[in-house]
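S.K.: Take this structure, written in structure tokens, and hold onto it; I'll ask about it next.
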Amino acid sequence: MRAFIPSYELMTPHALDEALALLANEPDIWKPFAGGTDLMVLLEAGKLPHTNYINIWKLDELRGIEVTDDRVSLGALTTYTEVQNNAILKKEFPMLCQAASETGGLAIQNRGTLGGNIVNASPAADSPPALLAYDAELELVSINGSRRVPYRDFHTGYKQMNIRCDELLHRIHLPRTNAKLYHSYRKVGTRKAQAISKVCFAAVAQLDNNRIEEVRIALGSVAPVPLRCRDTEKALPGRSIDRSTISAARTALATEITPIDDIRSTKDYRLQVSLNLLEDFLESCLVEVKA
Ligand SMILES: Cc1cc2nc3c(=O)[nH]c(=O)nc-3n(C[C@H](O)[C@H](O)[C@H](O)COP(=O)(O)OP(=O)(O)OC[C@H]3O[C@@H](n4cnc5c(N)ncnc54)[C@H](O)[C@@H]3O)c2cc1C
């Protein structure tokens, strides 16, 4: 049942300082409202718990994709459409563009934001695995200044995060590199579009011939948080890609993830698919190296 609209309040500040002052002066009362694509679903279902929202959509300080020599920085309000249309992101961070193109439909891609996807903190969300594999860093802002948190340390438990109630997610920073990288992003759902992930996989590797120099692996829907698989990553550098390496990688990943049965899938299916996607990724690196 739809919520009773008059019991909600929405403020629209026109400058970041104004929004931050509101968050600081009345702690835990005001919550950010960005594209609203997660919040409106709760409102329509009569399950939106907080009543006071700050509409941050008009804050230019939270917009824009900026490129420097060593990083690409995206405002928290960057939409999926903006991600897909950016030439540098397409070239250097293709998994993020693919995640954006597989998120919802066009209306959601025009309105939903990366910041909202991150702070909504669903373990099944589609951009977090790509952001984790690219080693993103988050910049949070409050009336007292800014701080940065490696994204891998941001999600601390189911729907729990390293963000205070007086803070906004300001920007998402992606480190650039000149090294050749091998990327693999796979969203596995019931349908090709408009489906919530059963498993979402993102990995990036740097190779010297067929020897793994560095690898970063992240998965969604296999743990209470979007998971950077550090133990599996540690098992791989220095090894050539062969059957024994693939087997070691599968064993490490099986220990590291904790999938569950739920309405969308089963624990066993998620485990098998995750291991197969990792194997596919390593095999595809080998094929590309030999090409
Ligand atoms: C039909 C439909 C299909 C969808 N498909 C997908 C899909 O395929 N994959 C997927 O991952 N998601 C999907 N979603 C979920 C949703 O669209 C995304 O999570 C989206 O990125 C949320 O962004 P938003 O700006 O709309 O967030 P909002 O709804 O505005 O906010 C979400 C949460 O983030 C907080 N928040 C937002 N911005 C900030 C900020 N800058 N700082 C601090 N807190 C902030 C809000 O307070 C709120 O708690 C879908 C939703 C719908 C309705």
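The values are calculated or read from the model by the stated rules, or taken from the named source; none is laboratory data. In this text, all values refer to a predicted model and were calculated from it rather than measured experimentally. Note: ideal-geometry Cβ built from the backbone for every residue, glycine included; neighbour counts use all protein chains shown. Surface accessibility is based on the protein's heavy atoms, side chains included, excluding ligands, DNA and RNA. Shrake-Rupley method; radii C 1.70, N 1.55, O 1.52, S 1.80 Å.
S.K.: What number of residues within segment 67-93 satisfy the criterion of being farther than 16 Å from N117 by Cα, of a type in the set (G, A, S) and part of a loop (DSSP other than H, G, I, E, B)?
M.R.: Total meeting the criteria: 0.
S.K.: Have a look at A107, A121 and point out the one that is over 19 Å from A203 (Cβ atoms) and free of Cβ contacts under 8 Å to residues at least 12 places away in the same chain.
M.R.: Criteria check complete, one pass: A107.
S.K.: Is there any pair with a first residue in segment 1-16 that is open to solvent by less than 60 Å² (accessible area, probe 1.4 Å) and a second that is charged (D, E, K, R) and in a loop (DSSP other than H, G, I, E, B) whose Cβ atoms are under 9 Å apart and which are 6 or more apart or on different chains, and what are they?
M.R.: Partner pairs satisfying both residue conditions: A3/K47; T12/K58; P13/K58.
S.K.: Take the conditions over 23 Å from G36 (Cα atoms) and in contact with a helix residue (DSSP H, G or I) (Cβ under 7 Å, 6 or more places away or on another chain) and apply them to R152. Does it pass?
M.R.: Considered against the rule, which asks whether it is over 23 Å from G36 (Cα atoms) and in contact with a helix residue (DSSP H, G or I) (Cβ under 7 Å, 6 or more places away or on another chain), R152 comes out as yes.
S.K.: Exactly one condition in (1) open to solvent by less than 20 Å² (accessible area, probe 1.4 Å); (2) in contact with a Cys (Cβ under 8 Å, 6 or more places away or on another chain) is not met by G115; state its number.
M.R.: (2)
S.K.: State which residue pairs qualify: first residue open to solvent by 100 Å² or more (accessible area, probe 1.4 Å) and inside segment 182-198, second residue among the aromatic types (F, W, Y) in any location, beta carbons under 9 Å apart, and separation of 6 or more residues or different chains.
M.R.: R186/F201; R186/F281
S.K.: Which residue is nearest to W57 (Cα to Cα), if the candidates are limited to segment 86-107 and must be out of contact with any strand residue (DSSP E or B) (no Cβ under 7 Å at 6 or more places or on another chain) and open to solvent by 60 Å² or more (accessible area, probe 1.4 Å)?
M.R.: A107
S.K.: Any residue in segment 139-168 that's within 11 Å of the ligand (Cβ to nearest atom): show its pairings with residues that are hydroxyl-bearing (S, T, Y) at Cβ separation under 9 Å, as long as the two are six or more apart or on different chains.
M.R.: Filtered contacts from segment 139-168: E139/S73; E139/S146; L140/S146; K159/S122; R164/S142; D166/S142; E167/S142; L168/S142.
S.K.: Let me ask another. Just one of (1) open to solvent by 20 Å² or more (accessible area, probe 1.4 Å); (2) at pLDDT 95 or above; (3) in contact with a strand residue (DSSP E or B) (Cβ under 8 Å, 6 or more places away or on another chain) trips up I241, so point out which.
M.R.: (1)
S.K.: Then there's this: Which condition from (1) under 20 Å from the mean Cα position of the chain (by Cα); (2) within 10 Å of the ligand (Cβ to nearest atom); (3) of a type in the set (A, V, I, L, M, F, W, C) is the one that L43 breaks?
M.R.: (1)
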